[in-house]
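Student: Got a structure here, written out as structure tokens. Questions coming.
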Amino acid sequence: MQDLNLLRVFEALWHEKSVTLAAQRLGLSQGAVSLSLKRLREEYQDKLFVQVSRTMEPTPLAEKISPNLLQASRLIRESQAMPQRFEPLGSSRIFNIRARDISEIITFPRIFERLQTLAPKMGMRTIYLPTDETFQQLASGRLDLALGYLEGNPADIHRVPIYLKQKYVCVMSPDHPLAQEELTEGQYLDADHLLVENSVTSQHPIERILTAAGRRDRIKIRLTQHLAASWYVLKFDLLWTLPYRLAKLLVQYFPLVIKPVPENLNLSYETCLYWHERFHADVEVKWLRDLIVDTLLEQSTGIHRPLPTDQCLNV
């Protein structure tokens with residue numbers, strides 16, 4: 001195979017089993033990937049990948065040659081990831097980052113602002129996946145980074161804490177019966193709650209507290225998006241427990257009342273940045289890691305480290 005770009009297309013099709021997803025992974029058009037697949041088929045005199053239901057499955061020949069081709073692609077990628085001068089201004093890479101809507105609201109505007117200044121041709125795409133699938137996609141390279149909190153600690157996943165011991169607060173409508181009172185632990189546990197769930201596989205800390213107190217039935221509605229919750233809290237007598245950083249932003253746009261969560265409940269959370277060992281030395285991903293860490297530390301502490309435009313920090 002003389003054209004190494006065909007090797008990259010084979011690898012993307014092998015992992016993604018879709019021309020569309022392979023194109024997204026490579027930052028190419030579907031037409032370009034289809035043309036490369038045609039050239040691969042001509043070179044090997046075999047279809048290599050055929051449509052089976054909704055996926056592109058490898059032929060027996062593709063399965064036979066895949067170990068050598070995938071190893072060759074890995075070796076090339078590793079050689080390209082060796083220490084080298086990196087010029088962000090010339091890169092047009094699109095980064096895929098696992099994040100929830102809360103990160104898109106609070107942290108990504110500032111990250112995107114700095115990205116536009118230092119590397120205007122680069123772009124970002126946010127994706128939300130459950131924890132197990134996030135780890136899998138970080139390993140495959142379909143995800144470059146994950147931002148938030150992921151339960152579990154796989155040995156091949158790197159993790160850097162960004163926000164430690166961040167506090168939760170409680171918001172409610174100004175018309176809520178508790179809006180003019182100091183919120184006690186008993187009142188909190190007896191009230192009706194709205195819950196924004198992070199995952200279908202793990203229990204939210206608020207739900208754990210209510211369950212332990214025998215008040216799990218006080219969760220009256222469960223949502224998956226933080227932005228929708230404000231409308232329900234304003235319309236119904238519900239308490240919503242959420243990160244203070246988000247509450248502080250939302251009260252600029254919604255007439256919500258913020259109350260401290262009773263101290264005895266001991267509620268806090270942390271935000272971390274995750275990536276896979278396979279891509280630890282990838283200079284572009286490493287540069288973005290540095291940018292994100294620096295930006296979020298500046299956002300939380302006010303301390304700014306100027307990010308070099310041609311090298312990476314040791315993160």
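Student: For R110, are the conditions met, namely being of a type in the set (D, E, K, R) and over 11 Å from the mean Cα position of the chain (by Cα)?
Tutor: yes
Student: When you look at K259, is it assigned to a strand (DSSP E or B) and more than 17 Å from D101 (Cβ to Cβ), yes or no?
Tutor: Spelling it out, K259 is indeed assigned to a strand (DSSP E or B) and more than 17 Å from D101 (Cβ to Cβ).
Student: What are the pairs with Cβ atoms under 7 angstrom where one residue, in segment 206-235, is under 17 Å from S173 (Cβ atoms) and the other, located anywhere, is among the hydroxyl-bearing types (S, T, Y)? Sequence gap at least six, or different chains.
Tutor: Correct list of pairs: I221/Y232; V233/S173; L234/S173.
Student: Please determine, by comparing only the residues of segment 109-141 that are among the charged types (D, E, K, R) and not in a helix (DSSP H, G or I), which one is surrounded by the fewest Cβ atoms within 10 Å (Cβ to Cβ).
Tutor: For segment 109-141, the residue satisfying everything is R125.
Student: Only residues that are of a type in the set (D, E, K, R) and either part of a loop (DSSP other than H, G, I, E, B) or free of Cβ contacts under 8 Å to residues at least 24 places away in the same chain (or both): list them for segment 142-194, please.
Tutor: R142, D144, E151, D156, D175, E181, E182, D192
Student: When segment 35-58 is examined, which residues are found to be among the polar types (S, T, N, Q), exposed (fewer than 15 other Cβ atoms within 10 Å of the Cβ) and within 33 Å of the chain's Cα centre (by Cα)?
Tutor: Q51, S53, T55
Student: Quick test of your reading of the structure: D192 fulfils all but one of (1) at pLDDT 95 or above; (2) under 29 Å from the mean Cα position of the chain (by Cα). Name the failing condition by number.
Tutor: Failing condition for D192: (2).
Student: Taking segment 59-71 on its own, how many of its residues are hydrophobic (A, V, I, L, M, F, W, C) and loosely packed, with under 15 Cβ neighbours inside 10 Å?
Tutor: 1
For every residue, the table says whether it meets (1) more than 16 Å from L178 (Cβ to Cβ); (2) touching a helix residue (DSSP H, G or I) at 6+ places or on another chain (Cβ under 9 Å); (3) surrounded by 18 or more Cβ atoms within 10 Å (Cβ to Cβ).
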residue: L239; (1), (2), (3): no, yes, yes
residue: I258; (1), (2), (3): no, yes, no
residue: V261; (1), (2), (3): no, yes, yes
residue: N264; (1), (2), (3): yes, yes, no
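Student: Under 9 Å between Cβ atoms, at least 6 apart or on separate chains: pull out the pairs that start in segment 86-108 with a residue that is buried (at least 18 other Cβ atoms within 10 Å of the Cβ) and of a type in the set (D, E) and end on any residue that is at pLDDT below 85 and part of a helix (DSSP H, G or I).
Tutor: Hits for this filter: zero, empty list.
Student: Give segment 4-18 a look and list any residue that's free of Cβ contacts under 8 Å to residues at least 60 places away in the same chain, surrounded by fewer than 21 Cβ atoms within 10 Å (Cβ to Cβ) and in contact with a helix residue (DSSP H, G or I) (Cβ under 8 Å, 6 or more places away or on another chain), or say none.
Tutor: Correct list: N5, L6, W14.
Student: Can you tell me which condition M82 does not meet? The list is (1) modelled with pLDDT under 90; (2) part of a helix (DSSP H, G or I); (3) among the hydrophobic types (A, V, I, L, M, F, W, C), and all the others hold.
Tutor: All conditions are met except number (2).
The values are calculated or read from the model by the stated rules, or taken from the named source; none is laboratory data. All values reported here derive from a predicted model rather than from experimental measurement. Cβ: placed from backbone, ideal geometry, glycine included. Neighbour counts: every protein chain shown.
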